[in-house]
Amino acid sequence: MVYPDTYYRRTMTDQVVRPALSGTVECDAVIIGGGLAGLSTALQLARAGRSVVVLEAESIGFGASGRNGGFVSAGYATGEDNIARMAGPAVAHDLYRLSMEGVEFVRDNIRTLGLSDADLRPGLVSVLRYDDGARLRADVEEARRRYGEDIAYMDRDAVRAVLKSDRYHQAVRHGAAFHMHPLNYLRGIVREIERLGGRIFEQSTATGSELDEAEKRVRTAGGMVTARDVVFATGGYTASLNARLRRAFLPIATYVMVSEEAPDLLASAIATRDAIGDNRRAGDYYRLVDGGRRLLWGGRITTRAASTAGLVRELRAEMVGTYPQLAGLGTELAWSGLMSYARHLMPQIGRMAPGVWHCTAFGGHGLNTTAIGGKVIAEGILGESERYRLFAPFGLVWAGGLAGLAVAQLTYWKLQAQDWWRERAA
């Protein structure tokens, strides 16, 4: 079993190891990638009675799906205004509703499958690091009117009653959002897929494919899968198997650390079990875990592999700058992971050719969008709907290669500078 050393790996409850593919296997659909996008697709197909095979190069949830912040909330990596500019207001509205459906899809699975080890905790607070209460209150009212969202405005006194920091001003509490243990959730989904007859193969990197005929073939070092439908759901760890897909997004690294046990110290700073995220483009996100005894804190992005130890120093500087009372809080472990970002900052979901599907590029907002992405791809394969076409305006455009990575890093620093100036000017 291959996983990086993360809090989720250390607290994983299911230790089952799945075999590598050996020999030739036939099925209705083969899914390449054992993260949330691929497993959600496989789950919905298996529920409909289709035979499915999942090929995972490492272990289930090895990539971003199993090592992220654990936040599940509506929305995408870019805002609704940008989506409306690219696709029109009506499509933007429908896509936002899909993202809300993705939240409920994950919640329903946890409930109906009895995944208590997913440790679902309700609530997400999105905080402002500058004073703009009037605009935020208006945004809350508009979201309630348009979508009937369970959200509430928090003034500065309400925010600082639970977050003991003078960095924060107003906030929005998202009551329908939640946070969870993503790796335990994924492994629970795998158990249900297998119960329904699906087959999961780990340590089974797809090394080649033949996709032009009605019967597709996907090869690994140990065998071959034949199927009518192939789904590419590989995210930031996509290799050279599908060159068109690989060129269409950038692998972006993000970083997470978990503290030592210090429940009393943590309670002096954070008096809520809600997840917290600030309003910056690549801001801090954090939550209490382990029954409130530890703090999970994430943030920062880089376009190239960076020293995790160096980034932890930056994360700690952010944490202590926000909560000076946590200066003595020790860090127990830290890790990084690769997300996939498209140039337009939207998921890439659709059909590349008859029987060939893709579901990737979830860009740091993945636990709801990977879920709904897998669901609409399954609906397309089953002929139940064409909702996947809502994502057609966000196609497999070239991400720019090395130049794209450089532009992404420059854009990140520009946004960071804008955030810094806005805070100082407030």
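Only the coordinates and a few stated rules stand behind these numbers; no lab work does. As the structure is a computational prediction, the values presented were derived from the model and not from experiment. Because the Cβ atoms are built from the backbone with ideal geometry, glycine has one as well, and the counts that use them run over all protein chains shown.
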* Prolate/oblate/rounded label for the stretch 235-298 (Cα gyration tensor, a/c 1.5) -> prolate
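Ignoring everything except DSSP H segments at least 4 long, calculate the 222 nm mean residue ellipticity for the chain; use -39,500 (n - 2.57) per segment, divide by total residues, nearest 500. Spell out each step's value before the answer.
On the way: 12 runs with 151 residues, N = 426.
It comes out at -11000 deg cm²/dmol, rounded to the nearest 500.
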* Structure fact -> Dividing the surface of the Cα convex hull of the stretch 64-154 by four yields a projected area in nm² of 7.5 nm²
* With the Cα gyration tensor of the stretch 122-176 giving a ≥ b ≥ c as the square roots of its eigenvalues, does the rule (a/c under 1.5 for rounded; else a/b larger than b/c for prolate; else oblate) give rounded, prolate or oblate? -> oblate
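With the Cα gyration tensor of the stretch 153-282 in hand, convert its eigenvalues to equivalent ellipsoid semi-axes via √(5λ) and list them largest first in whole Å.
44, 19, 15
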* Asked: Once you sort the root eigenvalues of the Cα gyration tensor of the stretch 1-105 as a ≥ b ≥ c, which label holds: rounded (a/c under 1.5), prolate (a/b larger than b/c) or oblate (the other case)?
  -> oblate
* Kirkwood hydrodynamic radius for the stretch 207-314: how many Å is it when counted over pairs of different Cα atoms? -> 17.7 Å
* Asked: So, by mean Cβ neighbours within 10 angstrom, what's the order for 106-119, 190-203 with the highest one leading?
  -> 190-203, 106-119
* For the stretch 251-260, what does the Karplus curve 6.51 cos²θ - 1.76 cosθ + 1.60, with θ = phi - 60°, yield as ³J(HN,Hα) per residue in whole Hz, taken in order and with x for Gly and Pro? -> x, 10, 8, 10, 9, 9, 9, 10, 7, 5
* Name the residues whose placed amide hydrogens come within less than 5 Å of the amide hydrogen of Q348, ignoring near sequence neighbours (fewer than 5 apart) on the same chain. => T360, A361
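Quick check: residue separation of V397 and N82 times 0.36 nm, minus the Cα distance between them. What number comes out in nm? Spell out each step's value before the answer.
On the way: separation 315, 0.36 × 315 = 113.40 nm, distance 1.67 nm.
Roughly 111.7 nm would be gained on extension.
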* Where only C-alpha atoms are counted, convex hull volume of the stretch 73-225 per residue in Å³ -> 198 Å³
* Asked: Once the principal axes of the Cα atoms of the stretch 251-333 are found, what is the range along each, listed largest first in whole angstroms?
  -> 37, 24, 22
* Can you list the equivalent-ellipsoid semi-axes of the stretch 263-302, largest first and in whole Å, using the square root of 5 times each Cα gyration tensor eigenvalue? -> 21, 10, 8
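Please list 308-317, 70-79, 359-368 highest first by mean number of surrounding beta-carbon atoms within 10 Å per residue. All intermediate terms of the calculation are to be shown ahead of the outcome.
On the way: 308-317: 15.6, 70-79: 21.7, 359-368: 27.3.
So the order, starting with the most tightly packed, is 359-368, 70-79, 308-317.
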* To do: Please report, in Å, the Rg and the Dmax of the stretch 207-259, where both are computed over Cα atoms only.
  => 14.9, 52
* Asked: Whole-Hz Karplus ³J(HN,Hα) for the stretch 329-338, in order, using 6.51 cos²θ - 1.76 cosθ + 1.60 and θ = phi - 60°, x for Gly and Pro?
  -> 6, x, 9, 8, 7, 8, 7, 10, x, 9
* Estimated vicinal HN-Hα couplings, Hz - the stretch 342-356 in sequence order (Karplus 6.51, -1.76, 1.60; Gly, Pro = x) -> 7, 4, 8, 6, 10, x, 10, 9, x, 10, 7, 6, x, x, 10
